[in-house]
Amino acid sequence: MRIAIDCRMIGSGGIGSFISELVPCFLEENECLVIGTHEQCTDFVRMQNVEFCYCDVKPFSVTELFAFPFDVLEKIAQYDYYFTPYCNIPGGIDIPIFSTIHDVVFLDVKGLTGVFGKIARKLFYKRAVNYSDAIFTVSEFSKERILHHLHPKKPVEVVYNTAPKYLSASFEGELPKKKDQILFVGNIKKHKGLQILLDAYDTARKKSDSFLSKLVIVGNADNFRTGDEETVRRLQELSAQEGSVEFTGRISNDELKYLYAESRLLVQPSLYEGFGIPPLEAMTVGTRALISDIPVFKEIYARFPVTFFKTGDAADLAEKLLSINDAPFTEEERSIIHNTYSYQKSAEKIIEVMGKRE
């Protein structure tokens, strides 16, 4: 099978990780055209079965839609299928297209964008649905929401995320030692639930003199100043308390790996996710996760050694913060964490679906 793969979103958060991990799996038994900048293609230069097509046209740009480079389209036309890890599809592609919609949060959650922003996103979603031979998504929950909002006539297939391989690799040198800190990986958007965590954290500190855990938030403090005003206010209050809240600033993958491993607990208080990968990433390096009981988490983490709290309930979260078992994982728990999902399984599912469209 010959597959043209859009890698132009490598380096763009979770979607970048998704495609970075899938490409080596595709290359094991298929000939692939990797489309992206020189930098984005670097990780694949020594692999077999790969051809490169360098392209710096930005995803979701006017150029992508109406003036995608002809030489790139010619290259793509020599392959059997085109795969994109998101819902952006360049104009002019004549081979079967397979795209990915990770979630439809902007259609489900009010206030994340303005009216025109919501309309623009829905148009891109609809375009992907109309142009694709099949749509992939990362959970049964997201599939249901895609069917609800977009009514696709082609199949919607679930291919689960998993933790990137670098998190499973052994640490170089001395193993990280646990610190009395709680980790939050996310942003200030309301559906991430940071406000709930801040309230619960403050309550736990006031309720117990022995609760001295620092709350570590991955990201830059300045980036958390432009969102929900109530959350910003709570952040300012807690940051003023010595030894309570710390921002990491921008960090590398290796730094994030150590941060996961050093923390005694990851808290994911989300109100909405399409998958929600930080709990899985944390558990991969040996850190337990305390997560909201939203439907997608109940689906994704049903078999995992996580602790759930009532979604949106700061009081319940505070109680769990004070009582949670953060002991090391057992061998059985580690087996579940490392073997339930894999990008190899997801790549095989994608190839299988492509084969059925012949």
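The values are calculated or read from the model by the stated rules, or taken from the named source; none is laboratory data. As the structure is a computational prediction, the values presented were derived from the model and not from experiment. Cβ atoms come from the backbone with ideal geometry, glycine included; neighbour counts cover every protein chain shown. All accessible areas refer to the heavy atoms of the entire protein, side chains included, with ligands and DNA or RNA removed. Shrake-Rupley method; radii C 1.70, N 1.55, O 1.52, S 1.80 Å.
In this structure, does ARG264 turn out to be of a type outside the set (A, V, I, L, M), more than 19 Å from the chain's Cα centre (by Cα) and more than 23 Å from LYS165 (Cβ to Cβ)?
Considered against the rule, which asks whether it is of a type outside the set (A, V, I, L, M), more than 19 Å from the chain's Cα centre (by Cα) and more than 23 Å from LYS165 (Cβ to Cβ), ARG264 comes out as yes.
Count, please, the residues in the range 81-101 that happen to be part of a loop (DSSP other than H, G, I, E, B) and among the small types (Gly, Ala, Ser). Don't jump to the end; show me each part of the working.
Within the range 81-101, the first condition is being part of a loop (DSSP other than H, G, I, E, B), and the residues that meet it are 84-96, 101.
Among the residues that remain, those that are also among the small types (Gly, Ala, Ser) are: 91-92.
Total meeting the criteria: 2.
Pull up the range 290-328, narrow it to residues that are open to solvent by 50 Å² or more (accessible area, probe 1.4 Å) and small (Gly, Ala, Ser), then point me to the one that is farthest from LEU215 (Cα to Cα).
Among them, the one singled out is ALA302.
Kindly indicate which of PRO90, PRO85, PRO96 is open to solvent by 10 Å² or more (accessible area, probe 1.4 Å), modelled with pLDDT of 95 or more, within 27 Å of PRO155 (Cβ to Cβ) and under 27 Å from the mean Cα position of the chain (by Cα).
Numbers: PRO90 fails: open to solvent by 10 Å² or more (accessible area, probe 1.4 Å); PRO85 fails: open to solvent by 10 Å² or more (accessible area, probe 1.4 Å).
Every option except PRO96 fails the conditions.
Could you tell me whether THR287 is at pLDDT 95 or above and either exposed (fewer than 15 other Cβ atoms within 10 Å of the Cβ) or charged (D, E, K, R) (or both)? Reasoning before the result, please.
Details: at pLDDT 95 or above: yes; either exposed (fewer than 15 other Cβ atoms within 10 Å of the Cβ) or charged (D, E, K, R) (or both): no.
No, not satisfied.
I want to confirm something. Restricting to the range 188-219 and keeping residues that are open to solvent by 60 Å² or more (accessible area, probe 1.4 Å) and at pLDDT below 90, which single residue is nearest to ASN253 (Cα to Cα)?
LYS189
Please tell me if SER142 is under 24 Å from the mean Cα position of the chain (by Cα), surrounded by 16 or more Cβ atoms within 10 Å (Cβ to Cβ) and farther than 16 Å from ILE19 by Cα.
Working: under 24 Å from the mean Cα position of the chain (by Cα): yes; surrounded by 16 or more Cβ atoms within 10 Å (Cβ to Cβ): yes; farther than 16 Å from ILE19 by Cα: yes.
For SER142, the condition - under 24 Å from the mean Cα position of the chain (by Cα), surrounded by 16 or more Cβ atoms within 10 Å (Cβ to Cβ) and farther than 16 Å from ILE19 by Cα - is met.
Among the helices (runs of 4 or more DSSP H) lying completely within the range 1-80, list those that include at least 3 residues that are surrounded by fewer than 17 Cβ atoms within 10 Å (Cβ to Cβ).
62-66, 70-77
For (1) β-branched (Val, Ile, Thr); (2) in contact with a Pro (Cβ under 7 Å, 6 or more places away or on another chain), each residue gets a yes or a no:
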site: PRO90; (1), (2): no, no
site: ILE97; (1), (2): yes, no
site: LYS122; (1), (2): no, no
site: LYS126; (1), (2): no, no
site: PHE141; (1), (2): no, yes
site: LEU198; (1), (2): no, no
